[in-house]
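Have a look at the structure below, then the notes.
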Amino acid sequence: MSATTAAGGNRIFSGIQPTGNLHLGNYLGAIRNWVTLQDSFESIYCVVDLHAITVAQDPAQLRQSTREVTASLLAAGISPEQSIVFNQSRVPMHSQLAWIFNCVARLGWLNRMTQFKEKAGKNRENATVGLYSYPTLMAADILAYRATHVPVGEDQKQHLELTRDIAQAFNQAYEVEFFPLPEPQIFGSATRVMSLRDGTSKMSKSDASDNSRINMTDDADLIAQKIRKAKTDPDALPSEAAGLEGRAEAQNLVGIFAALADRDVDSVLSEFGGQGFGVFKPALAELAVEKLAPMGKNMRMLLENPDHIDNILDDGAARAEAIAAPILAEVNEIVGFLGAKPQS
Ligand code: TRP
């Protein structure tokens, strides 16, 4: 059996949690890259509601957040025709393969996962088994499609390495070359968007101050206002990136400008070096409004018509299942489950 994808080429899979209040950090850190990648790869983008319930969720809120995240993907420019967009729970092969991977992955491997340690906190005994085995479900997400490339942020790198370990262990245990070892595509410099109130902490939906973040639903006035109020220091901007060292807030704002303008930091500083924030902030506000406000508007419009969003997810789930079902049939055969033979 071969390790190539059905398309014989490269296939991208990535996932995003259905949490409300997506912000600039999510956009520049992940979503924007997904939009770019869909032109060069067969792309599957999944709203991971199974992962969401590894911690307690309000059911009505979970449904709403799933729609909101889908709307933000669409508003950002992901094409539901060109790419596949769906929510994870709709395609049963994720859970089926996750179980098989639970029987391949070792306790020792999972014990090393830093995200579990962070999320479980001090009260580890009270964490769900699902939170512990979160990475085996993530491996199943990717490998149920035999995806070859996985765009993720730096924080997911360890989970991707585990995915490769699981793929390799499966192949070895069953003496097949069935699963590819997927490559992480770690995003570049724009990944870390920091709080507008504190340049040393990540922009976060759970920050008490709404002024700390630019939400994807914010309108033009609010975006401009939040940038006006962003924390800065009294110095002028340097003319090279090295001069931003130790100036967390300045570094963050220049980084956001560079990412939104699709330029590198040095090029932005060659324009603004020597200028103060009195000049830089209005320029950043104008750019942010130009790039982000239409997306927010689009998103609000999409959310007025939830049926349309649900139809897109229906269609995506059917297309995703059409890829995953024959792969799972082969896996079942490899593992030795008695049942219908895979079509070949
Ligand atoms: N764990 C990822 C995150 O929190 C989301 C995710 C779930 C994912 N399944 C995935 C990302 C598969 C890439 C591939 O960001």
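A short reminder: the numbers here are calculations on the coordinates, not readings from a lab. Since we're looking at a predicted model, the values are computed, not measured. Reconstructed Cβ throughout: ideal geometry from the backbone, glycine too, with neighbour counts over all protein chains shown.
Annotations for the structure displayed:
- Dmax and Rg, reported as Rg then Dmax, of the range 259-344 (C-alpha, Å): 24.9, 72
- Ranking 200, 217, 256 by how far each Cα lies toward the positive end of the dipole of the range 186-331 (charges on Cβ) leaves 200 at the top.
- Sequence ranges 10-17, 285-292, 111-118, ranked by mean other-Cβ count within 10 angstrom, highest first: 10-17, 285-292, 111-118
- Eligible aspartates and glutamates near residue 157 by straight Cα distance, threshold 19 Å, same-chain separation 8 or greater: 118, 141, 165, 183
- Nearby lysines by direct alpha-carbon distance to residue 281 (threshold 28 angstrom, same-chain neighbours under 8 apart not counted): 202, 205, 226, 229, 231, 291, 297
- Report note on the peptides 319-325, 305-311, 127-133: ranked by the mean count of other C-beta atoms within 10 Å, highest first, their order is 319-325, 127-133, 305-311.
- Counted charge near residue 327, where neighbours are those whose Cβ lies closer than 13 Å (Asp, Glu -1; Lys, Arg +1): -2
- When its C-alpha radius of gyration is set against 2.2 N^0.38 Å (N residues), the range 44-196 gives a value of 1.08.
- Bridging of residue 341 to aspartates and glutamates at a Cα separation below 12 Å is possible for 330, 333, once same-chain residues fewer than 8 apart are set aside.
- Anisotropy class of the chain from Cα gyration tensor, a/c 1.5 cut: prolate
- With N the number of residues in the range 210-301, Rg(Cα) / (2.2 N^0.38 Å) evaluates to 1.08.
- Between 54, 148, 66, the residue with the greatest mean-square fluctuation in the GNM of the chain (Cα pairs under 10 Å linked by springs) is 54.
- Relative contact order of the range 210-301, pairs being alpha-carbon contacts under 8 Å that are 6 or more residues apart, as %: 42
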